[in-house]
Amino acid sequence: MEVTDPPPVPAVLAVRPKPKRLRYLVAGGLCAAAVLFLVVGGLSRNIVYFRTVSEAVKNRPAEGTHRFRLMGAVVNGSKQTTADGVAFEVTDGTARVKVVHHGDPPELFKDGIPVVCEGRWQGDTFDSDRIMIKHGAEYRPPAVDASK
């Protein structure tokens with residue numbers, strides 16, 4: 001008697017569903033890309049550069065009408081009240097720039113104080129709409145007469 005091998009059984013290809021993990025990875029990647037785009041795009045439009053008076057004067061042609069912050073000390077005797085704010089000069093000890101500020105200056109604004117003005121060039125004048133003043137970190141309450 002002759003032994004023969006049984007006929008081969010045809011292979012059945014198992015159809016596996018696509019893994020859901022791939023969908024989640026693609027969706028997560030798209031979300032991460034969208035958040036990154038919004039953060040980087042938003043930051044690039046809102047960055048305001050900081051310049052000393054000398055740097056600002058040197059880079060005036062390159063700055064054009066871009067906003068930046070100008071740091072210097074208010075020149076003694078240069079402060080003049082205008083119809084919509086104040087005009088004054090700032091210096092870093094090397095260069096001087098005339099600043100025209102639109103709006104009320106801070107209460108601590110006075111001659112000789114270090115300031116940071118935010119704005120843009122308007123010809124040879126720095127056109128500002130925000131003034132920031134550094135002040136001490138210690139709070140000292142005013143003296144109160146407790147006898148009354």
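Reachable aspartates and glutamates from LYS110, Cα under 18 Å, same-chain residues fewer than 8 places away excluded?
In chain and number order, the partners are ASP84, GLU89, ASP92, GLU118, ASP129.
I need the chymotrypsin sites (Phe, Trp or Tyr not before Pro) found in segment 56-148, filtered to DSSP loop residues with at most 13 other beta carbons within 10 Å of theirs. Walk me through the intermediate numbers first.
Details: sites: PHE68, PHE88, PHE109, TRP121, PHE126, TYR139; in loops: PHE109, TYR139.
Those that pass, being in a loop and sparsely packed, are TYR139.
Scan segment 77-148 for GluC sites (Glu not before Pro) in coil per DSSP, keeping those whose Cβ has at most 12 other Cβ atoms within 10 Å, and list them by number.
Working: sites: GLU89, GLU107, GLU118, GLU138; in loops: GLU107, GLU138.
Within segment 77-148, the qualifying GluC sites (Glu not before Pro) (loop, at most 12 other Cβ atoms within 10 Å) are GLU107, GLU138.
Taken together, the values in this text are just the output of simple stated rules run on the coordinates, not laboratory data. Treat the numbers as computed from the prediction; the structure is a model and nothing was measured. Cβ coordinates were reconstructed from backbone atoms using ideal geometry, including for glycine residues, and neighbour counts include every protein chain displayed.
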